[in-house]
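Each value in this text was obtained by applying a stated rule to the coordinates, not by laboratory testing. Because the structure is predicted, anything quoted here is derived from the model rather than measured. Glycine also receives a Cβ, built like all others from the backbone with ideal geometry; neighbour counts cover every protein chain displayed.
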Amino acid sequence: AQKITQTQPGMFVQEKEAVTLDCTYDTSDPSYGLFWYKQPSSGEMIFLIYQGSYDQQNATEGRYSLNFQKARKSANLVISASQLGDSAMYFCAMREPNSGNTPLVFGKGTRLSVIA
Amino acid sequence: GAVVSQHPSRVICKSGTSVKIECRSLDFQATTMFWYRQFPKQSLMLMATSNEGSKATYEQGVEKDKFLINHASLTLSTLTVTSAHPEDSSFYICSARRNRGETQYFGPGTRLLVL
């Protein structure tokens, strides 16, 4: 079964607008971590934001925020004030349990295109 | 954040040859390193997990005799693709973690093309 589901293969957004990239996850472990990475065409994986399952507040990092809805098992990434440089693949990932030695498992990704 | 390097960044080889990819953690000691593979327009798929000084744990469907992983030190892990074939052409990314529960840092990846 898919652990991480990203249902949007591709998204378009106008420059300076906000965009939400969807991510749902599946786990029975109460301790887990959720991550978002950006992968530009160069291939490097750029860490954006992290949310722990026990964190009370939604994570924010500059223009990135994570809309964490635990009951729905969703961890959507919100990018505010989109820039042309935000065009890239975005991957949602999970680690369970959060304190263990387990690797990140990735979703299939969403390709975001920012239009001028 | 911590820095992870990979070498080479690109490699083209003939079918049947072996290719070694190095992954180094430059400013921290990595107790665990992970190797991922990414085909074009697809996600990262975990190949194996390696802990320093012990044998790697391979994911189901990954041939350990084809993809040899050595994690000889706390700063270096190598992936050797033995007797490479065109279907092994892919983007290989390593990732390193200092301790349990900490962030995984990714290398810049290696593009392998087997002719």
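Listing B:Leu44, B:Leu74, A:Leu48 from the residue with the fewest other Cβ atoms within 10 Å to the one with the most, what is the order?
B:Leu74, A:Leu48, B:Leu44
If the reach is capped at under 18 angstrom between alpha carbons, list the aspartates and glutamates near A:Lys3, excluding any in the same chain fewer than eight residues apart.
Partners found: A:Asp22, A:Asp26, A:Asp29, A:Glu96, B:Glu59.
Let me know the Rg and Dmax you get for chain B when you use only its Cα atoms, in Å.
Cα only, chain B: 13.2, 40 Å (Rg, Dmax).
Taking 22 Å as R0, compute the FRET efficiency from the Cβ-Cβ separation of A:Gln8 and A:Ile115 and round it to 0.05.
Efficiency for this residue pair is about 0.85.
Among A:Glu96, B:Glu63, what is the fewest-to-most ranking by other Cβ atoms within 10 Å?
Fewest-to-most ranking of A:Glu96, B:Glu63: B:Glu63, A:Glu96.
Quick test of your reading: applying the under-4.7 Å Cβ rule, which cysteines of chain B are isolated?
B:Cys13, each lacking another Cys Cβ under 4.7 Å.
Taking just the alpha-carbon atoms of chain A, what radius of gyration and Dmax come out, in angstrom?
13.6, 43
Over the residues of the protein assembly as shown, compute the C-alpha Rg and express it relative to 2.2 N^0.38 Å.
Expressed relative to 2.2 N^0.38 Å, the Cα Rg reads 1.02.
When Cβ neighbours within 10 Å are restricted to other protein chains, what is their mean count per residue of peptide A:101-111?
6
Just want the ordering: B:Arg10, B:Arg97, from fewest to most Cβ atoms lying within 10 Å of their own Cβ.
B:Arg10, B:Arg97
Give the lysines whose C-alpha is closer than 30 Å to that of B:Lys20, dropping any in the same chain fewer than 8 places away, or say none.
Straight-distance partners of B:Lys20: A:Lys38, A:Lys108, B:Lys41, B:Lys55, B:Lys64, B:Lys66.
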